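This report concerns only the one structure given below.
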Ligand code: GDP
Ligand code: ZN
């Protein structure tokens, strides 16, 4: 008995110390990796003239944002080693992930960590690239991830084998750039719709980047081709018109991404790699991981990576994102992605109501009364129709 009462106070103070330490770590991680803040600027910058030349963004706008991250050394510069501390746990950002292990960037030092077994088992749901995490020494020379901190945003998609299970593909992303191209391959808005659902659910900002605009030199041609994107602009999305080849629009893209964590999604061949190289020509050289010699001799053969580009841009590239364009969605599952329909849907006459044509549909009634945003329902209908026509093919 006596022993127990004597033991209590130190344990409590240890817990408090532990909590304070976690709070400090979390704060530090947030200082190093501040959440992006370009959303309001994006709103302010959005052109409203009814003229396609100015409707889409080509220019770095006049608004200023500090270059680089607060307290972050310029990309590519050698960073001083972190002095050993007595602290039992440190913090950082998961920059690479492989089976049973991850690499954490802690103040610029890259630390290989094994995952605790409880996380390793549920790995693809429990840890993602972009996660802020704590870790500690484990064994004589290694480290072990300890805890994943709460996420600001996520990007996930349905499991290819079981669409009811969601697979986490990246965490704490500020912006998802959906890259489409004109002519080769031509614009395909249906994919944009499907990705938008996932982006919106996860909480990141969605931006559409139209690449290869150099293939359409004339204003008239551009206007015709880009008319398909007008609905997205009306939904409030930022649309950038770029050419990785000529550099047109690249400063505007850079500005949106500066100091933020981003992912690029889109069909193969639209120019994602070319855009990344236009943003930072040193990308391949500096990471050495996007190239073919990547996995050579590494302790962690990384499947997913977070790269640091110039201007404090952090880019997440994972197989999950590369496959994102192939995301298959069943028309019947679509409504589960519109959580704002759930509550009114309880009153639909049919419990498998698709909210498109059925009588006594409470969701359509909620749209009519303004309880549900009409643009949301229009998006839903558009995706629903595209999924139905896919399944008829
Ligand atoms: P990814 O599969 O999305 O990464 O696409 P890539 O970056 O590999 O580009 C696919 C092809 O499109 C390559 O042949 C590029 O040279 C070409 N390409 C990329 N960007 C542009 C562009 O802005 N204009 C033109 N005309 N071609 C481009
Ligand atoms: Zn309904």
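Rule-based calculations on the coordinates, nothing more; no lab input. Bear in mind the structure is a predicted one, so any value in this text is a computation, not a measurement. Note that each Cβ is placed from the backbone with ideal geometry, even for glycine, and that neighbours are counted across all protein chains shown.
Here are a few things to note about the model shown:
- Peptides 305-318, 373-386, ordered by how many other C-beta atoms sit within 10 Å of their residues on average, highest first, read 305-318, 373-386.
- Efficiency of FRET between residue 349 and residue 375 - r from beta-carbon atoms, R0 35 angstrom, step 0.05: 0.90
- Distance in nm between pseudo-label sites at residue 356 and residue 165 (7 Å out along the Cβ direction from Cα): 2.9
- Each of the peptides 148-157, 128-137, 211-220 was scored by the mean count of other Cβ atoms within 10 Å over its residues; in descending order, highest first, they stand as 128-137, 148-157, 211-220.
- Summary of packing: across the peptides 95-101, 138-144, the per-residue average of other C-beta atoms within 10 Å ranks them, highest first, as 95-101, 138-144.
- Chain lengthening between residue 277 and residue 224 when straightened (0.36 nm per residue, less Cα-Cα): 16.2 nm
- Alpha-carbon centroids, segment 324-388 and segment 179-251: separation in whole Å: 25
- Inter-probe distance in nm under a simple model that places probes 7 Å from Cα toward Cβ, at residue 342 and residue 235: 2.0
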